[in-house]
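*Asks:* This is the structure I want to talk about, given as structure tokens.
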Amino acid sequence: MMTTDNNTTPAICYGEILWDVLPDGPQPGGAPLNVAYHLNKMGVATSLVSKVGDDDNGRKLEKLLDKWGIRRHLLQKDKEYPTSQVIAKMNNGNEVSYDIVFPVAWDFISYSDNIARQLVLSTYFVYGSLSSRNEPSRKTLSEILESDVIKVFDINMRPPHIGKDLLGDLLTKADIVKFNQAELEMTQFLFGSPSYSEAAQVKFIQDRFNIPEVIITKGEFGASYYINDKAYHAWGSEVKVVDTIGSGDSFLAAFLAGHYMQEEPQVILKNAIAMGGFIATKKGGCPDYQLKDYRDFRDKIFNT
């Protein structure tokens, strides 16, 4: 692991940690947990800022974090609200819709001196929009976003939990933003962009919110990575999808691992696309796998 001591990590993920209640049983999840899991798998030690209930579901998640090696010294416990559960329903074979129960423990994340100390020593802070659905966690996120760290915004739009004002606030603080195509289109609509081409849409976002780096994911059609006025594109590959839970999160984790290693943009992009496709062939957002299996998959789809 790339870290200077047990509690100092290059990356911090903020927000929801939960159980996805699927038709065939519960799976650990939440975008921040998924990203942390895959970053850790790829050798980038990661801390998680979230909150669980003082209940069996919370204790099971704590045990999993310990098993996976994800730092939980910033994980909080709530005596009043339960550990989060999300009722996930599979549509059309592999697309997922979610019933996100409210209120739960991670709706009440509080700021602390421990978080402040960790931020000074970290490189990346990864956040989404869902964790801002309740005022206490939104206020904590706002405090954290004033820190001098690379702020990575994975939008993960979950209507009705995000609107124009909140989205604008979160975009304004970001250094790197990841959209899927639907999220990019919705952002254009909300902020009145006249642009039609992807490049023009991204330029609109970069200029309006002063964001240097933008990622657009496109499923089997690959992804694009815009760095200021430069653009990089890579095609994906059709894979045998088991489910899409956590595929975008694993993409982001692989992207950040390459970014941290200062790899070439095209290499970063291809590795991230491969990871997203690889995880889509497996069940759940945090499946067990060996890095060698991912690398073999990557080399196969890119013929390297």
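The values are calculated or read from the model by the stated rules, or taken from the named source; none is laboratory data. Computed from a predicted model, the values in this text were never measured in an experiment. Here Cβ is always computed from backbone atoms with ideal geometry, including for glycine, and neighbour counts include all displayed protein chains. Side chains included, ligands, DNA and RNA excluded: accessible areas come from the protein's heavy atoms. Shrake-Rupley method; radii C 1.70, N 1.55, O 1.52, S 1.80 Å.
*Asks:* Which loop chymotrypsin sites (Phe, Trp or Tyr not before Pro) in the range 193-237, with loop taken from DSSP, have no more than 15 other Cβ atoms within 10 angstrom of their Cβ?
*Replies:* Y196, W235
*Asks:* If you plug each phi of the range 30-41 into the Karplus form 6.51 cos²θ - 1.76 cosθ + 1.60 with θ = phi - 60°, what whole-Hz ³J(HN,Hα) values come out, in order, with x for Gly and Pro?
*Replies:* Ordered by residue, 3J(HN,Hα) equals x, 3, x, 5, 4, 4, 4, 4, 6, 4, 4, 4 Hz.
*Asks:* Run through the DSSP bridge list for the chain and note the antiparallel percent, rounded to the nearest 5.
*Replies:* Bridges in the chain that DSSP calls antiparallel: roughly 45 percent.
*Asks:* Quick one: work out the % antiparallel among DSSP beta bridges in the range 175-304, nearest 5. If you can, show how the numbers build up before the last one.
*Replies:* On the way: 10 of 15 bridges.
Restricted to the range 175-304, the bridges split so that about 65 percent are antiparallel.
*Asks:* Okay, next question. Under 1.5 on a/c is rounded, so check that first for the range 33-153, then, if it is not, pick prolate when a/b is larger than b/c and oblate when it is not; a ≥ b ≥ c are the square roots of the alpha carbon gyration tensor eigenvalues. Walk me through the numbers before you get to the answer.
*Replies:* Numbers: a/c = 1.40, a/b = 1.27, b/c = 1.10.
Rounded, because the longest to shortest axis ratio a/c is under 1.5.
*Asks:* Pick from N40, N271, N114: which is most flexible by mean-square fluctuation in a GNM of the chain where alpha carbon atoms under 10 Å apart are linked?
*Replies:* Residue with maximal mean-square fluctuation among N40, N271, N114: N114.
*Asks:* Specify the longest stretch of the chain that does not include any exposed loop site, a site being one of the GluC sites (Glu not before Pro) with a non-H, G, I, E, B DSSP assignment and at most 16 other Cβ atoms within 10 Å.
*Replies:* 147-237
*Asks:* What percentage of the solvent-accessible surface of the chain, computed with a 1.4 Å probe over protein heavy atoms, is contributed by carbon and sulfur atoms?
*Replies:* The C+S portion of the solvent-accessible surface of the chain is 49 percent.
*Asks:* What number comes out for accessible area per residue over the chain if the probe is 1.4 Å? Units Å², please.
*Replies:* Accessible area per residue: 45 Å².
*Asks:* Now a separate question. Treat every Asp and Glu Cβ in the range 171-259 as -1 and every Lys and Arg Cβ as +1, leave all other atoms uncharged, and give the resulting dipole magnitude about the Cα centre to the nearest 20 debye.
*Replies:* 140 debye
*Asks:* Rounded to the nearest 5, what % of DSSP beta bridges with both residues in the range 55-173 are antiparallel?
*Replies:* 60 percent
*Asks:* Taking one equal scatterer on every alpha-carbon of the chain, how large is log10 of I(q)/I(0) by Debye at q = 0.09, 0.12, 0.14, 0.16 1/Å?
*Replies:* -0.40, -0.75, -1.06, -1.44
*Asks:* Which trypsin sites (Lys or Arg not before Pro) in the range 20-128 pass both tests, a DSSP loop state and at most 10 other beta-carbon atoms within 10 Å? Can you show the working numbers first?
*Replies:* On the way: sites: K41, K51, R59, K60, K63, K67, R71, R72, K77, K79, K89, R117; in loops: R72, K79.
Here the trypsin sites (Lys or Arg not before Pro) that fit, given the DSSP loop and packing criteria, are K79.
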